[in-house]
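These notes are about the structure you will find just below.
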Amino acid sequence: METKKELIQQIVIVINILEKDYDITNGILEELHQRYLKALKILEGNKEIQNINIDGGVRAYLDSFSDYTNALLAEMHRAEKLFKELNV
């Protein structure tokens, strides 16, 4: 249960970074934002975590921007890692 709480907190961090620092009105950033919002809603609503689709977000970002030193990537990586731990 602790991992779920950590994942919720990490998803909120990613959403906040996306909303504060990026134009999320189109493209891959909009897609990532929507995925994280949906994941948060699923977790907070205690719904089936199999419907969460945040895996691959880091790769999708890098395919679009090639910005390997971006702080958002580290936060997304943490979220993906926590999701994998929860989904075992």
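For semi-axes √(5λ) of the Cα gyration tensor in Å, pick the label among [x] 21, 13, 11; [y] 54, 12, 8; [z] 20, 15, 13 that corresponds to the value derived from the coordinates.
Among [x] 21, 13, 11; [y] 54, 12, 8; [z] 20, 15, 13, the one calculated here is [x].
Spin-label point model (7 Å from Cα, Cβ direction): what's the Ile28 to Ile13 distance in nm?
2.1
Sort the following peptides by mean Cβ neighbour count (other Cβ atoms within 10 Å, averaged over residues), highest first: 62-71, 6-15.
Averaged packing, sorted descending, gives the order 6-15, 62-71.
On full extension of the chain, what length is gained from Glu48 through Lys5, given 0.36 nm per residue of separation minus the C-alpha to C-alpha distance?
Values: separation 43, 0.36 × 43 = 15.48 nm, distance 1.52 nm.
Once the chain is fully extended between Glu48 and Lys5, it gains 14.0 nm.
Where the only charges are on Cβ atoms (+1 Lys, Arg; -1 Asp, Glu), what is the dipole of the chain about its Cα centre, to the nearest 20 debye?
Working: 11 positive and 15 negative charges, 62 e Å.
Using only the charged Cβ atoms, the result is roughly 300 debye.
Could you calculate the contour length gain from Asp21 to Leu37, that is, 0.36 nm times the residue separation minus the distance between their Cα atoms, to one decimal place in nm? Could you put the intermediate results ahead of the total?
Numbers: separation 16, 0.36 × 16 = 5.76 nm, distance 1.62 nm.
4.1 nm is the gain from fully extending Asp21 to Leu37.
Nearest 10 degrees is fine. How inclined is helix 71-86 to the longest principal axis of the chain, computing both from alpha carbons?
20
Any read-out appearing in this document is the output of simple, stated calculations on the displayed coordinates, not a laboratory observation. This one's a predicted model, so the numbers in the text were calculated from it and none came from an experiment. Neighbour counts run over all protein chains shown; Cβ positions are idealised from the backbone, glycine included.
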